[in-house]
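Visitor: Got a structure here, written out as structure tokens. Questions coming.
The values are calculated or read from the model by the stated rules, or taken from the named source; none is laboratory data. If you're wondering where the values come from, they're calculated on a predicted model, not measured in any experiment. Cβ sites come from the backbone with ideal geometry, for glycine too, and all protein chains shown count toward neighbours. Side chains are part of the model used for accessible areas, which takes the heavy atoms of the whole protein and leaves out ligands, DNA and RNA. Shrake-Rupley method; radii C 1.70, N 1.55, O 1.52, S 1.80 Å.
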Amino acid sequence: MNLTDKQLDTLRCKARGMTDKETADELGVSLNSVKERVTGIRRKFDAHGDFCAVVLKAERAGLLAGVEV
């Protein structure tokens, strides 16, 4: 899966159960930036529903190594 570093950081936060607001605070970006990244991540994983499907696919692809989900 070809995610940008910013998308990967966002994915890791979301996989840990953070809200969009918590993710924005953690990464020091705007809430809008997080929402745009989440949209891009969903598109790349072809998962338009629950974000849990994205996390599951990312975990299977080995993108969440070392992240406690």
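Visitor: Just the residues that are part of a loop (DSSP other than H, G, I, E, B) and either surrounded by 11 or more Cβ atoms within 10 Å (Cβ to Cβ) or modelled with pLDDT under 85 (or both), please, taken from segment 47-69.
Guide: Those that are part of a loop (DSSP other than H, G, I, E, B) and either surrounded by 11 or more Cβ atoms within 10 Å (Cβ to Cβ) or modelled with pLDDT under 85 (or both): A47, H48, G49, D50, A61, L63, L64, A65, G66, V67, E68, V69.
Visitor: Here's something else I'd like to know. Report yes if some residue within segment 24-41 is within 23 Å of G62 (Cα to Cα), modelled with pLDDT under 95 and either polar (S, T, N, Q) or in a loop (DSSP other than H, G, I, E, B) (or both); otherwise report no.
Guide: yes
Visitor: Scan segment 6-52 for residues that are of a type in the set (A, V, I, L, M) and within 11 Å of the chain's Cα centre (by Cα) and jot them down.
Guide: L8, L11, A15, M18, V34, V38, I41, listed by residue number.
Visitor: Quick one: L3 ticks every box in (1) open to solvent by 60 Å² or more (accessible area, probe 1.4 Å); (2) modelled with pLDDT under 95; (3) under 11 Å from the mean Cα position of the chain (by Cα) bar one, so which box is it?
Guide: Of everything listed in (1) open to solvent by 60 Å² or more (accessible area, probe 1.4 Å); (2) modelled with pLDDT under 95; (3) under 11 Å from the mean Cα position of the chain (by Cα), L3 misses just condition (1).
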